[in-house]
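*Asks:* Before I ask anything, here is the structure I am working with.
The values are calculated or read from the model by the stated rules, or taken from the named source; none is laboratory data. On a predicted model such as this, the values are computed, not experimentally measured, just so you know. Don't worry about glycine lacking a Cβ; one is built from the backbone with ideal geometry, like all the others, and counts go over all protein chains shown. Only protein heavy atoms, including side chains, enter the accessible area calculation; ligands, DNA and RNA are left aside. Shrake-Rupley method; radii C 1.70, N 1.55, O 1.52, S 1.80 Å.
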Amino acid sequence: MATAPEMLATPEVVIRTMVETDVTSVVAIERAAYQFPWSEGIFRDCLRVGYVCRVAVAADEVIGYGVMSVGAGEAHILNLCISESHRCRGVGRRLLSYLVERGAAAGMSEAFLEVRPSNTSAIRLYQSAGFEQVGMRRGYYQAVGGREDAAVLKLALRPRRGSTR
Ligand SMILES: CC(C)(COP(=O)(O)OP(=O)(O)OC[C@H]1O[C@@H](n2cnc3c(N)ncnc32)[C@H](O)[C@@H]1OP(=O)(O)O)[C@@H](O)C(=O)NCCC(=O)NCCS
């Protein structure tokens, strides 16, 4: 169920709960962004199982999204993506901060994510938000002509009670 829009620092971009009718827009951004995109079914499953799914919206257009699972003391940021035409304007950082905050509010003590070592812009974002590499998963990602490792990044959270939704 959609919650009320939650305004963050920049007034024209709103971060709100992703709903079923957003999935078509989300998948379009996903397909343009990744060589091996998530399917529509994966996004629908994430909604169905109650993951923290958020969209960034500007002028009624979905311009980005983030998906995170929470449980067993850990938040896991599973996807974070901004449409190419809206990158480098601070939206990715805001969405990441939002997810980290939701993880802490859900009582999680750590946030984890995987990122391709070749994805330097994402790694810069995560490192500037305080994430540190704690491991490497060998052959985690599909890649052209084989597999690519994933760097595992972690951020310690200050857990507190609150709503995850
Ligand atoms: C990674 C991504 C989410 C960043 O979103 P964004 O809205 O463009 O990022 P922001 O404008 O908030 O930038 C935040 C920081 O990220 C880093 N960054 C973002 N784009 C960058 C680029 N092209 N080159 C280098 N650093 C970059 C910088 O550290 C930047 O901080 P700064 O502006 O103070 O220098 C976006 O590039 C994206 O959607 N990429 C495709 C999907 C993807 O790879 N997601 C991550 C999967 S793990």
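*Asks:* Identify all residues within segment 34-56 that are among the hydrophobic types (A, V, I, L, M, F, W, C) and either assigned to a loop (DSSP other than H, G, I, E, B) or open to solvent by less than 20 Å² (accessible area, probe 1.4 Å) (or both); write none if there are none.
*Replies:* Step one: filter segment 34-56 for residues among the hydrophobic types (A, V, I, L, M, F, W, C), giving 36, 38, 42-43, 46-47, 49, 52-53, 55-56.
Correct list: 36, 38, 43, 46, 49, 52, 53, 55, 56.
*Asks:* Then there's this: Scan segment 77-94 and report the pairs whose first residue is more than 13 Å from residue 13 (Cβ to Cβ) and whose second residue is open to solvent by 10 Å² or more (accessible area, probe 1.4 Å) and near the ligand (Cβ under 6 Å from one of its atoms), with Cβ atoms within less than 9 Å and a gap of 6+ or a chain change.
*Replies:* The qualifying pairs are 80/92; 80/122; 80/125; 81/33; 81/92; 84/33; 88/82; 88/121.
*Asks:* Continuing with the same structure: Among the candidates 80, 96, which residue alone is buried (at least 20 other Cβ atoms within 10 Å of the Cβ), in a helix (DSSP H, G or I) and either modelled with pLDDT under 95 or within 11 Å of the ligand (Cβ to nearest atom) (or both)?
*Replies:* Working: 80 fails: in a helix (DSSP H, G or I).
Within the list 80, 96, the selection yields 96.
*Asks:* Among all residue pairs at least 6 apart or on different chains, which show Cβ distances below 7 Å where the first residue, located in segment 123-139, is closer than 8 Å to residue 155 by Cβ and the second is open to solvent by 40 Å² or more (accessible area, probe 1.4 Å) and in a strand (DSSP E or B)?
*Replies:* Here the result reads 131/154; 132/154, each pair linking segment 123-139 to a residue that is open to solvent by 40 Å² or more (accessible area, probe 1.4 Å) and in a strand (DSSP E or B).
*Asks:* Taking the conditions exactly as written (at pLDDT 95 or above, near the ligand (Cβ under 7 Å from one of its atoms), within 24 Å of residue 137 (Cα to Cα) and open to solvent by less than 30 Å² (accessible area, probe 1.4 Å)), does residue 115 satisfy them or not? Can you show your working first?
*Replies:* On the way: at pLDDT 95 or above: yes; near the ligand (Cβ under 7 Å from one of its atoms): yes; within 24 Å of residue 137 (Cα to Cα): yes; open to solvent by less than 30 Å² (accessible area, probe 1.4 Å): yes.
So residue 115 passes the test.
*Asks:* Condition check: open to solvent by less than 10 Å² (accessible area, probe 1.4 Å), closer than 21 Å to residue 141 by Cβ and within 12 Å of the ligand (Cβ to nearest atom). Does residue 65 satisfy that?
*Replies:* Details: open to solvent by less than 10 Å² (accessible area, probe 1.4 Å): yes; closer than 21 Å to residue 141 by Cβ: yes; within 12 Å of the ligand (Cβ to nearest atom): yes.
Yes; evaluated as a whole, the condition is true for this residue.
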